[in-house]
Each structure stands twice: as structure tokens, then as C-alpha cells.
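The structure is given below, and queries will be raised subsequently.
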Amino acid sequence: MYGLLSAIAVNFFFQPGNIYSSGVTGLAQVVSAISNHFMGIALPVSLTFYALNLPLIVISWFYIGHKFATFTFITVTMSSFFIQIVPQVTLTPDPIMNAIFGGLAMGTGVGFALKNNVSSGGTDIVSLLVRQKTGKNVGSISLIVNLCIMSIAGVTFGWRFALYSMITIFISSQMTDVIFAKQKKMQAMIVTNHPKRITRLIQNRLHRGVTIINEAEGGYNHDQKAILITIISRVEFNDFKQIIRKADPHAFVSVSDNVKIIGRFVEEKEL
């Protein structure tokens, strides 16, 4: 789904309207346009997009996980394939219309990818790497990349194209939030016999705090257990489930979606 929608956004709206997307897709467009404009070399956007993502995927294989890297590789490959085979068609010469509908298509694709726990590559990988190592908010990475894309597009091809591109980035991000609200918070309550093991994994892998309630009693067997309470973001839910399976497969877990938080909760922002 993401691969096809990203190809539609690029070949039906972005390229014909000289509109630049966010993240690595936009960076690939800029590199392709500059090579064609200054060197006369027509680098396909699909090839540039693939070349920019491959080193990041290799890094993610070693530092994030094999499963994540594999699915990201499949997603990036399919996206590059569709961008290559879908013909470039000019549906409208109006740059604002191209910016709006291109943003809608790209944002929908990214939203569905995130909803299915698939990374679209690019800045997602960089963000996860920094988050994994430091636990810090890394939304500024996407902002820096997008500002660089807009600046290069503005200086090279005219500032009106940079302004149109800002419109498409805003619409794309809003559409992504509609399809998949990554910032939704979830409260997890875990009843377990192995509180230290689970707490350690949550703190080390998700960088989340855990509240521990000791000496809880099971109503069925009257066993002594501990109750753990933690807050995670929606995007961390699959990692959270893997932690529970690994630390205590017999734990009882209750999750409440979209809870309201008062206090400090550091979360990773998306592009």
C-alpha cells in the first residue's frame, strides 16, 4: 500500500509540479533534480531513493533488529519499484493542487505503513537509532532534513517551490496522524512473578519509567505477585509485547489506549 501510494504521490503530483516531499523521498527528488539540472545526468528518483536507504537499512540490521531491517528493506524495495514503473503523468499544472493531493497520497501511505508497524525507511531509521542509544526526543532530525530539502529547492529552483513543498509536508503529516496517531499513549498494567526482569527490559529498550506495586495477591491461587504500571506510545506497543513474551510469557497484561498524561512523558516525534 505504501509503495503504490508513494509512487502515485511522486509521479502524479510531486515530480510534475516540482514539489518536494519530506524525508528521504524529498532528498532523493532534490538529488535527482540537481544532477539533471547541473550535470545533465537524469538520475531516476526511484534509484536515488533506493541508494539513500540501503546504507541505513544495513545499519538497522546490526543495531535495531533483523526483523525491522527485513520489513523495511521490503517496503523500500516495493516503493522504489512502483516509483519506477508507475508512469509520470501531469494531472494538473496547478502547483498548489499538486502539493495538496500529493501530500494526501503520501500521508495516507505513511499512515498505513505505520499502522501495520512497518517503517518507510529514511529518517525513521535514524530516529530509532538515536532513540535506542539515548532515549531522547529526536523529532529535530526530521525537521533538519526537511529544512535542508526546502532550502536547497528554494535556492536552486525558486522559493515558490519551497513554499509549495512546505504545504505538502504539512498536509502529509496531518494525513499520517489521521490514519495512525503515533502520539497516542497507552497505559499498561502487568501482573507478573518477574517484576525485576520486565522492569529492566522496559527501561533499557523503551526508556520508560515503571511503577512497581509489590505484594499483590492473585485471587485464584492466592500467589504473591507484583503489579507494574508503565506508559508507552502506540508505536512502541509491538516492542512492548515482545518484551513481555521474553521476560514472562505467563504475565497478565491489561492495556488502556489513548490515556491522558499529566507530567513528564518524553516521546519520539515523527516527520
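The values are calculated or read from the model by the stated rules, or taken from the named source; none is laboratory data. No experiment lies behind these values; they were computed from the predicted model shown. We place every Cβ from the backbone using ideal geometry, glycine too, and count neighbours over all the protein chains shown. Just so you know, the surface numbers come from the protein's heavy atoms only, side chains and all, with ligands and any DNA or RNA stripped out. Shrake-Rupley method; radii C 1.70, N 1.55, O 1.52, S 1.80 Å.
Kindly indicate whether any position in segment 1-12 is open to solvent by less than 50 Å² (accessible area, probe 1.4 Å) and not in a helix (DSSP H, G or I).
no
Further question: State which residue pairs qualify: first residue over 18 Å from Asn238 (Cα atoms) and outside any helix (DSSP H, G or I) and inside segment 188-215, second residue open to solvent by less than 60 Å² (accessible area, probe 1.4 Å) and of a type in the set (Lys, Arg) in any location, beta carbons under 7 Å apart, and separation of 6 or more residues or different chains.
Val191/Lys225; Thr192/Lys225; Asn193/Lys225
Identify, from the list Ala42, Ala33, the residue that is open to solvent by 20 Å² or more (accessible area, probe 1.4 Å), at pLDDT below 85 and outside any helix (DSSP H, G or I).
Just a single option satisfies the conditions, and that option is Ala42.
Just name the residue that is least open to solvent (accessible area, probe 1.4 Å) out of those in segment 48-87 that are outside any helix (DSSP H, G or I) and modelled with pLDDT under 85.
Taking segment 48-87 and keeping what is outside any helix (DSSP H, G or I), we get 64-65, 86-87.
Filter again for modelled with pLDDT under 85, leaving 64-65.
Working: Ile64: 46, Gly65: 21 Å².
By that ranking, first place goes to Gly65.
Right, something else. When the residues of segment 149-179 are filtered to those that are part of a helix (DSSP H, G or I) and free of Cβ contacts under 8 Å to residues at least 12 places away in the same chain, which remaining residue is nearest to Met106 (Cα to Cα)? Show your work before the answer.
Residues of segment 149-179 that are part of a helix (DSSP H, G or I), as a first pass: 149-157, 159-179.
Adding the requirement that they be free of Cβ contacts under 8 Å to residues at least 12 places away in the same chain leaves 151, 154-155, 159, 163.
Working: Ser151: 21, Gly154: 21, Val155: 24, Trp159: 22, Leu163: 17 Å.
Across segment 149-179, the extreme among qualifying residues is Leu163.
Taking the conditions exactly as written (assigned to a helix (DSSP H, G or I), surrounded by 22 or more Cβ atoms within 10 Å (Cβ to Cβ) and in contact with a Leu (Cβ under 6 Å, 6 or more places away or on another chain)), does Val24 satisfy them or not? Walk me through it before giving the result.
Details: assigned to a helix (DSSP H, G or I): yes; surrounded by 22 or more Cβ atoms within 10 Å (Cβ to Cβ): yes; in contact with a Leu (Cβ under 6 Å, 6 or more places away or on another chain): yes.
Yes; evaluated as a whole, the condition is true for this residue.
What are the residue pairs meeting all of these: first residue in segment 70-88, first residue under 18 Å from Gly26 (Cβ atoms), second residue surrounded by fewer than 16 Cβ atoms within 10 Å (Cβ to Cβ), Cβ atoms under 7 Å, and 6 or more apart or on different chains?
As it stands, the answer is Gln84/Pro44, since those pairs meet every condition given.
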